[in-house]
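Presented below is the structure to which this report refers.
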Amino acid sequence: MKIIRTEIDGEIFYGILEGKTVRRLSGLPFDAIVEDGRTYSVSDIKLLPPAEPTKIVAIGKNYRAHADEMGEGQPEEPLLFIKPSTSIVGNGDDVVYPAISHRLDYEGELGVVIGKKCHAVQPGHSSEVIFGYTCLNDVTARDIQKAVSQWTRGKGFDTFCPIGPHIETELDAYNAPIETRVNGEVKQHSNTNCMTHNVDKLVSYITECMTLLPGDIIATGTPEGIGPMQRGDTVEVEIGGIGVLRNRIV
Ligand code: MG
């Protein structure tokens, strides 16, 4: 099932996308999917970011080949950092190239959308708290990230976390092709089965520390092939079984 979020006449709501039709839901989709009977054509609506996370918990160097290209070694345990909720934008929104950066990188990633408040999720039980999956771009001001030991500033700018275009609730997150393109040219091409720490491990590891809330997102790390974007570029993150997240750099 594909879940979208949109706004019509000042009202924000979730819906089920089926073909070109959106079936409106009443309330949030996390507890129960309840349709309210109204339908829309997807071509008539603007998609909003499909979730409103209180936090984005991101994982550094979770693909071996990417850790190798960074030349900083392989972390033994998942390397966690937080992107602020204010970095979220949706499909079709602009990513703003900060005036104080001279190296802005894409990082195509699988985003995990949490559906239940959870803490200390035991290994093997992550599917009970995961609502679905989306495409995510962990946009990074690489020069600012590398200038200091903490990544918050280099990865925390407004518009630095595009997600979308929708949430797919039925993905096989352990074997999904992932690709990033800049102006149509393939830059990253991998599969989520190359993660060092898989989704189930990440959910248990993160919730050993902090509570995750409905709508919270885990950015599961990027494969090899990271590189720069320029103003005017169009960047796409495509995950097989989900769709294409497309944003322009301005
Ligand atoms: Mg990343």
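The values are calculated or read from the model by the stated rules, or taken from the named source; none is laboratory data. Predicted, not measured: the structure shown is a model, and the values here were computed from it. Cβ placement follows ideal geometry from the backbone for every residue including glycine, while neighbour counts extend to all protein chains displayed. Remember, those area values only see protein heavy atoms, side chains included, never the ligands or the DNA or RNA. Shrake-Rupley method; radii C 1.70, N 1.55, O 1.52, S 1.80 Å.
Listing for the model above:
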| item | result |
| --- | --- |
| Strands (runs of 3 or more DSSP E) lying entirely in the range 195-250 (those with 3 or more residues that are open to solvent by less than 10 Å² (accessible area, probe 1.4 Å) and within 14 Å of the ligand (Cβ to nearest atom)) | 217-219 |
| Looking only at the range 1-18, and only at residues there that are open to solvent by 70 Å² or more (accessible area, probe 1.4 Å) and without any contact (Cβ under 8 Å) to a residue 24 or more places away in the chain, the one that is nearest to the chain's Cα centre (by Cα) | GLU18 |
| Residue check for ILE167: touching a residue at least 24 places away in the same chain (Cβ under 8 Å) and either open to solvent by 30 Å² or more (accessible area, probe 1.4 Å) or part of a helix (DSSP H, G or I) (or both) | no |
| Test for THR169: is it closer than 30 Å to ILE16 by Cβ and within 14 Å of the ligand (Cβ to nearest atom) | no |
| Selected residue (only one of THR180, THR134 is within 16 Å of the ligand (Cβ to nearest atom), outside any loop (DSSP other than H, G, I, E, B), closer than 25 Å to LEU28 by Cβ and polar (S, T, N, Q)) | THR134 |
| TYR106 open to solvent by 10 Å² or more (accessible area, probe 1.4 Å), closer than 20 Å to ILE82 by Cβ and within 17 Å of the chain's Cα centre (by Cα) | no |
| Check on THR220, closer than 20 Å to PRO75 by Cβ and in contact (Cβ under 8 Å) with a residue 24 or more places away in the chain | yes |
| The range 146-162 residues that are touching a residue at least 12 places away in the same chain (Cβ under 8 Å), paired with ones that are open to solvent by 50 Å² or more (accessible area, probe 1.4 Å) (beta carbon under 6 Å, 6 or more apart) | ASP158/THR86; THR159/VAL96 |
| Test: residue in the range 151-158 that is out of contact with any Asp or Glu (no Cβ under 6 Å at 6 or more places or on another chain), open to solvent by less than 60 Å² (accessible area, probe 1.4 Å), within 16 Å of the ligand (Cβ to nearest atom) and within 16 Å of THR196 (Cβ to Cβ) | no |
